[in-house]
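The values are calculated or read from the model by the stated rules, or taken from the named source; none is laboratory data. None of these values were measured; they are calculated from a predicted model. Counting neighbours? That spans all protein chains shown, and the Cβs are built from the backbone with ideal geometry, glycine included.
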Amino acid sequence: MKYLTQIFQPLLGVVALMLTALVAAGRLAWRTIRRWWRKRSKWVRRVTVAIFILILAGFAVLTAKGCYELKYGRCFWNDKYISKNIEVHAFRDYKIRVYNHYTDHYVTPKLHWISGTQENDSLAVYALPNKRGYINVRNGEIVIDAKKNNYSKAWVFSEGLAAVMKDGKIGFVNAQNEVVIPFQFECSIRFNMWNFGYLFHDGYCVMTNKNDKLGLIDRGGKWVVEPTFDEIWTQNNGGYIIVSKDNKYGVLDSLCNMVYPVEYGYVEVMPDGFILTKGGRMWQVDFEGNTVQPFMYGGTYYLNYPVGYDESGEVQYAFADYVKYEIMNRYGIMNRNTGRPITLALYSDINMLSKNLFEVQEYDSYLWYLLDTKGNVVANN
C-alpha cells in the first residue's frame, strides 16, 4: 500500500496542477471576451451573435447530414449495371434504387431487391414489403406495379410468361399483366426461396401438387405429365427431360413420351446418346437405343496384396493384376491387363487378402464376402 501511495501521489499532483491551469486559463479567456464585448456597439454585437448562430446551424446541418449518410447513404461498392444505361444503386439501409444514366435521374423509389432475368428477356422481379412487381431492365420503367397488384411472390419471365402468387396460389401472367393460367397451383418450398423457379422450357413448366410431387404443365395450364416424380430436369438435356422417383431415373422425349422407364441408377444425356447405369453396370447407347460402349466406369484404383514381412516385421505388399473400378460410388473388380470386369460394381469396399482372394462388402446389405479371381463367392458373412 505504501508503495502504491508513493506512485500515485505525484500523479495526482500533476493532474491537480493541470486542472488549476485550465481553470485559470478559462477565467482569463472569459474576462477577455467580456471586456471585448462591452466595448463593442449594439450592431457589432448583433452581427457577432448572428455569425455564431450560423456557425452552430451549419455544424448541426453537417452533423445531421453525416449521420444520415452513415445510416442511409450510398454503398458505391455494391452498385451494379443491369443494362447499358440502367444501374442499381445500393444504400446503407440495405435498400436499392434504379438509376437511369440516360435521363440522369432515379426511376424507382427505394426497393428491397431486384432479380436477374432470363436470357433474351427484359423484365426482372422487384420487391417491396410483401409485394412483388416487374421492371424493364433496359429502360428502368416499372411495367407491373407492385403497389397496384396483390402479388406476394413472383418469379422471372420465361417464354413470355411469369409465375406469380396471389392468395396462396400460383398462376401465370404475361407482360401486360393479363392472367394466362389461373391461380390454381400449389407453391412448392423448393421454388419458394429463389426467383428462377417455375420456368417454361420448350413449352413445358415444372409444377407441383399439394403433396409436393412434380409434373409438367403446358402453356394452357394443363398437366401433360402427371405430378408423380421427385425431381424433373428440363434444361440442358438436348430436348430430353430427365425424371426421378425413389432415387431411380428415367428419360422423356420432347413430347413427354417415356424413352427409358424410371428404373436406372443414373442417366446422362450426351451429344450422341445416353449414358445409363443399372445393376452395377454403366454403358452408353445412341438415340436409337443401340449400344455404343458396353462397359464404362468413372475411375480405377490399384489393388495390392500382402506377400510377407521384411526384416523389421513390416508387412510387404505387391501390386495385383486387378483394379477396382468405380460407378456412382460403388466398386467392382476388373482385370487391369485385359480391361474386362470380373464383377459388377455392387460393393462399397474391396480389399485383397492374397494374390487370388478378394474381400468385398456389398453396398446394399453391408455383408462381407470372399471372392476368387473369377468373381465366384468362396465364403460369405
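Taking every residue in the range 96-123 that is farther than 13 Å from ASN139 by Cβ and touching a residue at least 40 places away in the same chain (Cβ under 8 Å) and pairing it with any residue that is of a type in the set (D, E, K, R) and in a loop (DSSP other than H, G, I, E, B), at least 6 positions away or on another chain, the pairs with Cβ-Cβ distances below 9 Å are GLN118/GLU159.
For a quick check of your reading: which strands (runs of 3 or more DSSP E) sit entirely within the range 72-151 and have at least 1 residues that are touching a helix residue (DSSP H, G or I) at 6+ places or on another chain (Cβ under 7 Å)? Steps first, please.
Working: elements: 86-90, 96-100, 123-128, 131-136, 142-144.
Per the criteria, 86-90, 123-128, 131-136.
Only one entry of ARG97, ARG132, ARG138 meets the criterion of being touching a His at 6+ places or on another chain (Cβ under 8 Å) and assigned by TED's automatic domain parsing to the domain that holds ASN85, and that entry is ARG97. Looking at GLU231, GLU178, GLU186 in this structure, which one is farther than 26 Å from GLU263 by Cβ and surrounded by 13 or more Cβ atoms within 10 Å (Cβ to Cβ)? Unique residue meeting the criteria: GLU186.
Considering each of GLY197, GLY215, GLY203 in turn, give the residue that is more than 21 Å from GLN118 (Cα to Cα) and either touching a His at 6+ places or on another chain (Cβ under 6 Å) or among the small types (Gly, Ala, Ser) (or both).
GLY215
Take the residues in the range 133-175 that are of a type in the set (Gly, Ala, Ser) and within 23 Å of the chain's Cα centre (by Cα), then tell me which one is surrounded by the fewest Cβ atoms within 10 Å (Cβ to Cβ).
So in the range 133-175, the residues of a type in the set (Gly, Ala, Ser) come out as 133, 140, 146, 152, 154, 158, 160, 162-163, 168, 171, 175.
Among the residues that remain, those that are also within 23 Å of the chain's Cα centre (by Cα) are: 133, 152, 154, 158, 162-163.
On the way: GLY133: 24, SER152: 14, ALA154: 26, SER158: 20, ALA162: 29, ALA163: 26.
The qualifying residue surrounded by the fewest Cβ atoms within 10 Å (Cβ to Cβ) is SER152.
Being at pLDDT 75 or above and in a loop (DSSP other than H, G, I, E, B) is a condition met by no residue of the range 42-60.
Here is the figure for the range 78-93: residues that are within 21 Å of the chain's Cα centre (by Cα) and either free of Cβ contacts under 8 Å to residues at least 24 places away in the same chain or more than 17 Å from ALA124 (Cα to Cα) (or both) total 5.
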